[in-house]
Amino acid sequence: MEIYLPIAEMSVSIVLLLGMGVGVGFLSGMFGVGGGFLMTPLLIFIGVPPPVAVATEANQITAASVSGFLAHWRRGNVDLKMGFVLVVFGAIGSVLGVWLFRKLRSAGQVDEFISLTFVLFLGVIGTLMALESGRSILRRRRGGRRERMHAHYWVHGLPYKMRFRKSKLYISALVPAGIGFCVGVMSATMGVGGGFILIPAMIYILGMPTAMVVGTSLFQIIFVAANSTLLHAGSNQTVDILLALILLLGAVVGAQFGTRIGTRLRGEELRILLALLVIAVCAKLAHDLLATPVDIYSTAPFIG
Amino acid sequence: MGASNRSKITSALLCICAMSASAFAESLEVDLSHHSIGIHSSFTGAEVLLFGTMQGPGGGEIVAVLRGPNQPVVVRRKARTAGFWLNRSEVVFETAPGYYAVGASGPLDTILDARQRAANRIGLNNIKLVSVGGATRGGGFAEYYEALLRHKVDQGLYFPEPSEVQFIGTNLFRVRFDFPSNVPPGTYQAAVHQVSDGRVIASGAASLVVRKIGIEARIYRTAHDSPWLYGILAVVLALMAGWLASAIFRRT
């Protein structure tokens, strides 16, 4: 069954869109990522103009993260206090990020800077996560000693300590504030939700339990994605509400299933799967940058 | 202004009038099967029939061009920089038609010579794309032009081969044009020429409008007329859908 999309200005199969929504929503509920990294190229591949793809998927991510967040909330896997600190400082960071983006753009070379930084970031994070979680899986197999809940290092010596009861943490509020701020800057400059950066930071820098990280990350993503939807609709008119509706119908259902599977896995199993996903995305981006393209020309509507 | 200047202008004007009179000696009667195509929610494309009557007893060949609304398009070119493939240069084409199709009663190059085809903007290479600004570091302009044509053909909006013009009886002719589902809305202009011995002896024109109707039109209008309200609606819709899914799954 085909439907005509009023903003994307093309007709596509409803079943295909629903399927894409379920798949990406599943990953979202399982890992606490938005899923934009997967949805953008998929939408562009089926012919949706890139600006419409990016804006519309922000709308779909909003829905999927609400669905996933509520499912994790029911299981008691959300640290709201931590979430609020991340959201508030994330918002401050994204203001700086937008300013930075404009500076970079006026200096030219913004695309190069973003692609390269992103590949570098994902590569390092993915590799470190894979090594760490691989080691803990091996250690568990051998039946070795139980790990400490989290390592203590200089981060835990900072002032303004705050108790995060849900995450069983007593750390300086400067740490989550700083992480939220950095993720805000990055998501505004790179145009990504920031889940890939936020989740490893929460696990390894803050030392939060993996199960708590997924739900709390989804809580933060709701705000980022809703804000991004509003800005795209308001200033570019590129949100296709009909496309979003079909995608999010699939995504909210997928997110519920993803949460069910995700909460059944052990922390390190979840971490190694996420690490593999991060490495796969990094490899894809690196391939796009390094391999000789099939067509060195690309066309797009010119917005002057 | 001197008298000699005035007479020069007058003779120039007379000359232009004479030229256009000879070029369009007769007007061709043509029409389209639709003057308006509505894009509704189950729109998957359309076909339009162009038909008309040939002038005079001499017969001849028919060439028709159907052009969609002009849209500015940017063509970017990647180049290898320090091992990475990155967009390095671009050309902006200010007036690329959103749709371009030709109909002909025979092979184009035997009906009209290259100069005539260029003058009447017939064929993919004679669209007359105008480029503005944009540095063209490395590579010629022609390559960007070709890339644009190639991509539009891939999207099903330009046609590399002309559609066949069929004759019915001695004077009637018709040709079919296909519109894919991604046709841009706007005004489409058809220009039809009757050719005899390599010369255009009569020309005619017709037009049609492609526009969104029903819910498609309402969504598009809301998105452009009140973008912030539309954005808030989109967010509320997402929040409600997420909550609803969670509520349904809680029960099962």
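Of the strands (runs of 3 or more DSSP E) lying entirely inside segment B:150-252, the ones with 1 or more residues being within 14 Å of another protein chain (Cβ to nearest Cβ) are found at B:172-179, B:186-196, B:199-212. Condition test on B:Arg176, is it in contact with a helix residue (DSSP H, G or I) (Cβ under 9 Å, 6 or more places away or on another chain), in contact (Cβ under 8 Å) with a residue 24 or more places away in the chain and in the same structural domain as B:Gly38 (by TED's automatic domain parsing)? No.
Starting from residues that are basic (Lys, Arg) and assigned to a helix (DSSP H, G or I), keep the ones in segment A:127-145 and report whichever is modelled with the highest pLDDT.
Residues of segment A:127-145 that are basic (Lys, Arg), as a first pass: A:135, A:139-142, A:145.
Next, from what is left, pick out any that are assigned to a helix (DSSP H, G or I): A:135, A:139-141.
Numbers: A:Arg135: 89, A:Arg139: 86, A:Arg140: 82, A:Arg141: 81.
Checked segment A:127-145; the qualifying residue modelled with the highest pLDDT is A:Arg135.
Candidates B:Leu66, B:Leu86: the one that is farther than 30 Å from B:Ala46 by Cβ and part of a strand (DSSP E or B) is B:Leu86. Could you check how many residues of segment A:32-43 are assigned to a helix (DSSP H, G or I) and modelled with pLDDT under 85? Residues in segment A:32-43 being assigned to a helix (DSSP H, G or I) and modelled with pLDDT under 85: 5 in total.
Can you report the number of residues in segment A:58-74 which are under 12 Å from A:Thr216 (Cα atoms) and either of a type in the set (Val, Ile, Thr) or not in a helix (DSSP H, G or I) (or both)? It would help to see each step written out before you state the result.
The first filter runs over segment A:58-74 and keeps only residues under 12 Å from A:Thr216 (Cα atoms), leaving A:65-66, A:68-73.
If we keep only those that are either of a type in the set (Val, Ile, Thr) or not in a helix (DSSP H, G or I) (or both) as well, we get A:66.
Summing the residues that are under 12 Å from A:Thr216 (Cα atoms) and either of a type in the set (Val, Ile, Thr) or not in a helix (DSSP H, G or I) (or both) in segment A:58-74 gives 1.
Of the residues A:Ile279, A:Ile222, A:Ile246, which single one is under 16 Å from the mean Cα position of the chain (by Cα), under 30 Å from B:Arg218 (Cα atoms), β-branched (Val, Ile, Thr) and buried (at least 17 other Cβ atoms within 10 Å of the Cβ)? After applying the criteria, what remains is A:Ile222.
Taking the condition of being of a type outside the set (Gly, Ala, Ser) and within 11 Å of the chain's Cα centre (by Cα), how many residues in segment A:30-66 meet it? Before you say what the answer is, go through the steps one by one.
Pass one, segment A:30-66, residues of a type outside the set (Gly, Ala, Ser): A:30-31, A:33, A:37-46, A:48-52, A:54, A:56-57, A:59-62, A:66.
Right, trim to within 11 Å of the chain's Cα centre (by Cα) and you get A:31, A:33, A:37-38, A:61.
Going through segment A:30-66 one residue at a time, the tally reaches 5.
Within segment A:46-57, if we keep just the residues that are within 13 Å of chain B (Cβ to nearest Cβ) and in a helix (DSSP H, G or I), the residue that is surrounded by the most Cβ atoms within 10 Å (Cβ to Cβ) turns out to be A:Glu57. The set of residues in segment A:282-300 being aliphatic (A, V, I, L, M) and either more than 15 Å from A:Ile125 (Cα to Cα) or at pLDDT 85 or above (or both) consists of A:Ala283, A:Ala286, A:Leu289, A:Leu290, A:Ala291, A:Val294, A:Ile296, A:Ala300. Here the condition is being of a type outside the set (Phe, Trp, Tyr), crowded, with 17+ Cβ neighbours inside 10 Å and within 10 Å of chain B (Cβ to nearest Cβ); of A:Ala291, A:Ala255, it holds for A:Ala255 alone. There is at least one residue in segment B:43-55 that is within 12 Å of another protein chain (Cβ to nearest Cβ), of a type in the set (Ser, Thr, Tyr) and touching a residue at least 24 places away in the same chain (Cβ under 8 Å). Just one of the listed residues (B:Ala118, B:Ala101) is within 19 Å of B:Gln189 (Cβ to Cβ), assigned by TED's automatic domain parsing to the domain that holds B:Gly198 and part of a helix (DSSP H, G or I), and it is B:Ala118. When segment A:216-252 is filtered for residues that are within 7 Å of another protein chain (Cβ to nearest Cβ), of a type in the set (Val, Ile, Thr) and not in a helix (DSSP H, G or I), only A:Val239 remains.
Quickly run through segment B:219-240 and pick out the residues that are within 22 Å of A:Leu248 (Cα to Cα) and in contact with a strand residue (DSSP E or B) (Cβ under 9 Å, 6 or more places away or on another chain). Scanning segment B:219-240 gives B:Ile219, B:Tyr220.
Looking at segment A:154-181 only, could you name the residues that are of a type outside the set (A, V, I, L, M), part of a loop (DSSP other than H, G, I, E, B) and either under 27 Å from the mean Cα position of the chain (by Cα) or modelled with pLDDT of 75 or more (or both)? I'd like the intermediate steps shown before the answer.
Going residue by residue through segment A:154-181, those that are of a type outside the set (A, V, I, L, M) are A:154, A:156-157, A:159-161, A:163-168, A:170, A:172, A:176, A:178, A:180-181.
So of that shortlist, the ones also part of a loop (DSSP other than H, G, I, E, B) come out as A:159-160, A:165-168.
Across segment A:154-181, the qualifying residues are A:Tyr160, A:Arg165, A:Lys166, A:Ser167, A:Lys168.
The residues in segment A:182-196 that are out of contact with any Leu (no Cβ under 8 Å at 6 or more places or on another chain), surrounded by 21 or more Cβ atoms within 10 Å (Cβ to Cβ) and in a helix (DSSP H, G or I) can be counted, and the count is 3. Flag: A:Val15 matches the condition of being more than 19 Å from A:Cys182 (Cβ to Cβ) and either surrounded by fewer than 18 Cβ atoms within 10 Å (Cβ to Cβ) or of a type in the set (A, V, I, L, M) (or both). Please specify each residue of segment B:55-69 satisfying the condition of being closer than 20 Å to B:Leu112 by Cα and either touching a strand residue (DSSP E or B) at 6+ places or on another chain (Cβ under 6 Å) or modelled with pLDDT of 95 or more (or both). Within segment B:55-69, B:Gln55, B:Gly58, B:Gly60, B:Glu61, B:Ile62, B:Val63, B:Ala64, B:Val65, B:Leu66, B:Arg67 meet the criteria.
The values are calculated or read from the model by the stated rules, or taken from the named source; none is laboratory data. Keep in mind that what you see is a predicted model, and the values were worked out from it rather than measured. With ideal geometry, Cβ positions are generated from the backbone for all residues, glycine too; neighbour counts draw on all protein chains shown.
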